[in-house]
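Reading through the structure tokens given below for one structure.
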Amino acid sequence: MVDVIDFHAHVYFDVEQAEAAQRICETCRDKFGVEMGRMHARPVGPHPDGSCQLSFGPDKFADVTTWLALNRNGLVVFIHPNTGNALADHRDHAIWMGAVRPLNLSIFDAPSGKE
């Protein structure tokens, strides 16, 4: 069994959706006390679109993911655990709400002996 440190939910958006994404992220932050990252108008890291990251512990997983599923207003949300293996977390343990988007996984080094 792998231990989950925390979760990240990335709310993806384009220019026209930026305000809606910000409202969703701010509401989620205020409602559940999650940590909200910056609004990135362009792709950052492995993410193919503009995004905002929400960070939360396993104790908030059910509430946050249920709320996002019901309130994402058509935006794509990518959720993954953080276990210390970033490649597997983004590639193998991902949860998608909406369309699956192509991630740039080449930024992650495969852990020796695990891939």
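Every read-out reported here was derived from the displayed coordinates using simple, explicitly stated rules and does not represent laboratory data. None of the values given here were measured: they were computed from a predicted structure. Ideal geometry is used to build each Cβ from the backbone, glycine not excepted, and the neighbour counts take in all protein chains shown.
The set of residues in segment 1-27 that are hydrophobic (A, V, I, L, M, F, W, C), more than 16 Å from PRO58 (Cα to Cα) and touching a residue at least 40 places away in the same chain (Cβ under 8 Å) comprises VAL11, PHE13, ALA20, ALA21, ILE24. With the condition kept exactly as written, say whether any residue in segment 4-20 is touching a Phe, Trp or Tyr at 6+ places or on another chain (Cβ under 6 Å) and of a type in the set (A, V, I, L, M, F, W, C). There is at least one residue in segment 4-20 that is touching a Phe, Trp or Tyr at 6+ places or on another chain (Cβ under 6 Å) and of a type in the set (A, V, I, L, M, F, W, C).
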